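Have a look at the structure below before the remarks.
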Protein chains: 2
Amino acid sequence: MKKYTQLYNTIKDMILSGELAVGEKIPSVRKACRIYNVSMTTVQNAYFDLCADGYIIAQDKSGYFVSDIAKAQSNDNYRAEENNAQYDLTGGTADEESFDFTLWQRYIKSALRQTERLLSYSQSKGEYDLRCAIAQYIKEKRNVITSPDRIIIAAGVQPLLQILCSLLSNKNSVSFPDKSFIQGMGIFKDYGFDVHTRDKDADIIYVSPSHMTRWGDVMPIKRRLELVAYSQEHNSLVIEDDYENEFLYNVKPTPSLFALGKGNIVYMGSFSAMLLPGIRISFMVLTKDLAEKYDEKSYLFAQTASKTEQIALCNYIRDGHIKSQIRKIRRLYSAKTKAFADLLKKELPDAKIEIGENTLQIILLSKFNKDLSVFEEMGLKVFVEKYEGDEIVLVISPAGIPYSEMDIIAKKLKMSIL
Amino acid sequence: MKKYTQLYNTIKDMILSGELAVGEKIPSVRKACRIYNVSMTTVQNAYFDLCADGYIIAQDKSGYFVSDIAKAQSNDNYRAEENNAQYDLTGGTADEESFDFTLWQRYIKSALRQTERLLSYSQSKGEYDLRCAIAQYIKEKRNVITSPDRIIIAAGVQPLLQILCSLLSNKNSVSFPDKSFIQGMGIFKDYGFDVHTRDKDADIIYVSPSHMTRWGDVMPIKRRLELVAYSQEHNSLVIEDDYENEFLYNVKPTPSLFALGKGNIVYMGSFSAMLLPGIRISFMVLTKDLAEKYDEKSYLFAQTASKTEQIALCNYIRDGHIKSQIRKIRRLYSAKTKAFADLLKKELPDAKIEIGENTLQIILLSKFNKDLSVFEEMGLKVFVEKYEGDEIVLVISPAGIPYSEMDIIAKKLKMSIL
């Protein structure tokens, strides 16, 4: 360990243990050199990182002070504010092992070295080289063949849908597979569309063929072909949100609708689930017509995704890391789902426990006759798919649960349900 | 310089000079150790960075190859694609000296160390600690007093306006000061609003009091008070986009409308102009009513700003860097504007040349009777405010021009106009 990291840890521990109180002044750099018998540079580096991480605050000329610890540990703070559940089983978090932070850091560092490039705004469609890399990637992976000019990047599916809504002013109605995609439905409603569910006659049909239900059902090839044919016949636009397609490894490979279709399909994908929830980079492939409309209206749109992260992701994909990353999380998450399902079967032998087709979700059906608040009281955040009569159906996404805590969570679920 | 950086530079130079051709295989790691008499680690580190920066490409098992140089220098690539102008005088770029990249890198690195935090999605309003830091900052700077709960963060003004439009479904009309804010007008139109200019009777009045015209006029205090009183009387909502307020240092301090108002003002600000165009973090302060509406509909909104950059910015603000950064760019940009205006006066003695109130823009009025394409032919991207009869008015933002190139650009402008 480097000397300054040692000093960093020493002082951090003193703050967290309360040995150094909130608001207390810590030794000046000069004084710390003497106390800890280290160089000025060592102290400066340690103090810098303590500042950057929020443990201490520099005050002009008067020195360094211990910050409010609650603020410093804003992570816990954040969690406490958002919800009181200790264990989130709804899939909102990722596994720490799932992502190589050190590798990503190097790509970010490299991107930040491209200073001249960062001095200007990103192109409205997103960085050109990233769009090239995405075009190559989806061609290999999903047989989606497109020029980078038809690819639009944004910070998530929401801003992509907002751009789409703006381009689709000649359409009136949209249909979603069910009511679970509230964000998407909300956006179309805001833009004045009639929003239906399972309405084949709508002008726009929204589907996520690799995640058709909350428990990850996959649309079979036969239905894909039917949908493509129907939409062509009826001149409807299909939005294919290829959410979680990366996880489909133990079902037969299913071609994308885009690859099956004849030009009336908008293809959407995201990197958040593959990399980190904190990295917001999604993309869509427009139809030829919509791409032309975009170009006409492009002055209306501004890029939302971080330019630094776009540059980093481009090189990360080019170097082949995205492929190994997908293999890694696939293996990790499907093993986790299986392990947790096995635990649940042991704890709740009378419940019906199944793993969803894309191996990310567990469906749990059990007898139940308590108030739903019991889960929260047990420190669990769960998704209740159905609660009718004395039966409950839960959809559980175990991806974010550490192995070490699976046992206690399974027991907590048992106690909540029985 | 570290050994691997030396090796990195050596190979990079060979690639850029053409000594190593596109597609050519470069020595294996083992071979490079012998050639350059360095350790494996040194070569591996150098090759990693060369990959990350796009100069070479790793191909599974067969080794490393020189990439397409055009791709490696994607910055130039990007510029070439976007427009052929060599010099952008429309304010789309920042000055390289304006931003301390090394400092920002340290904050980003520190943010990337908060691995647990990055494993979950950002709160829809944005990171709580950043909202606290912003609340503190706008209180000190603009007397905007608010709780962090009323602050919404997003990746730019556009996504903020989209959220606002979604919350304002009970309003029908909006008024902009002039037709120059096309993006904002476009969004309101997309959401079905009647969009006017300078219509006092609209339900919503959009203003940017620190940048009222393209050349940066500032709304005087008297008109601010009138607008606040009028909007209260008529129950209209004011959206105050406090764009470029940071640059107002040589005009008397003008209070924000938010501080003058009585609760019917939405305040908006952005960090892109202060830091880097590539960093997309903006925020708005909702009125009490709108904040309640947001909370009811919050499940509809997803955060667009990068979580890493939010964490970094929070600590950057807390440590006081934002204040010194503003002082720095203020000094830098107003000196530049003045220097370039002086040069133009020398080159075009018959033109009327003025500096806008916020010292970022130059207004140039001159006789002119050529085709407007002359600017592009001369490699200049300029904003033409007016061209009527034989007179032209240009608005010039010199912020992104390096000092070393001011002379040639002024001469090019002269040749274009005369």
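Derivation of every value follows stated rules applied to the coordinates shown; laboratory data play no part. Note that the structure is predicted; figures quoted are calculated from it, not measured. Don't worry about glycine lacking a Cβ; one is built from the backbone with ideal geometry, like all the others, and counts go over all protein chains shown.
Data for the structure
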quantity	calculated
Where Cα atoms sit under 26 Å apart: lysine pairs in the range B:124-275 separated by 8 or more or lying on different chains	24
Compactness relative to 2.2 N^0.38 Å, alpha carbon Rg of the protein assembly as shown	0.99
Calculated P(r) tail over 18 Å for the range A:83-176, as whole % of Cα pairs	70
Reach of A:LYS3 by Cα under 23 Å, taken over lysines that are not fewer than 8 positions away in the same chain	A:LYS12, A:LYS25, A:LYS31, A:LYS109, B:LYS2, B:LYS3, B:LYS109
Amide H partners (placed H, <5 Å) of B:SER272, local residues excluded	B:ILE281
Cα-centred dipole magnitude for chain A, charges only on beta-carbon of K, R (+1) and D, E (-1), debye, nearest 20	1340
Projected area averaged over orientations for the range B:356-407, convex hull of C-alpha atoms, nm²	4.2
Convex hull volume per residue in cubic angstrom - Cα atoms of the range B:284-418	200
FRET efficiency, 1/(1 + (r/R0)^6) with R0 45 Å, evaluated for B:GLU388 and B:GLU96 via beta carbons	0.75
Among A:ILE396, A:PHE48, A:GLY126 the positive-end extreme of the charge dipole of chain A (Cβ point charges)	A:PHE48
Difference of contour (0.36 nm per residue) and Cα-Cα distance, A:ASN170 to A:SER147	5.8 nm
Residue with peak Gaussian network fluctuation, chain A [Cα springs, cutoff 10 Å], from A:ASN235, A:ASN315, A:ASN245	A:ASN235
Percent of alpha-carbon pairs separated by more than 17 Å within the range A:113-165	48
Between helix B:101-112 and chain B: long-axis angle, C-alpha atoms, 0 to 90°, nearest 10	90
Cα convex hull volume per residue for the range B:221-370 (Å³)	194
Using alpha-carbon coordinates, inclination of helix B:157-167 to the longest axis of chain B, degrees	50
GNM flexibility winner over chain A from A:GLY261, A:GLY18, A:GLY156 (Cα, springs under 10 Å)	A:GLY18
Degrees between helix A:288-297 axis and first principal axis of chain A (Cα, 0 to 90, nearest 10)	50
Efficiency of FRET from Cβ geometry, A:GLU233 and A:SER39, R₀ 60 Å, rounded to 0.05	0.20
Cα-based convex hull volume of the range B:264-340 per residue, rounded to whole Å³	130
Fully extended contour minus Cα-Cα distance, from B:GLU116 to B:GLU376, at 0.36 nm per residue	88.6 nm
Using alpha carbons only: equivalent-ellipsoid semi-axes of chain B, gyration tensor based, whole Å	42, 32, 19
Contour excess over end-to-end distance, with Cα ends at B:SER324 and B:LYS179 and 0.36 nm allotted per residue	48.8 nm
For the range B:190-267, alpha-carbon Rg and Dmax in angstrom	12.6, 40
Farthest toward positive dipole pole in the protein assembly as shown [+1 Lys/Arg, -1 Asp/Glu at C-beta], among B:LEU313, B:ALA154, B:GLN105	B:GLN105
Within a Gaussian network of chain A (alpha carbon springs, distance under 10 Å), most fluctuating of A:ASP68, A:ASP129, A:ASP194	A:ASP68
Globularity index of the range B:151-210, i.e. its alpha-carbon radius of gyration over 2.2 N^0.38 Å	1.06
Tail weight of P(r) past 28 Å, computed on alpha-carbon pairs of the range B:108-266, percent	26
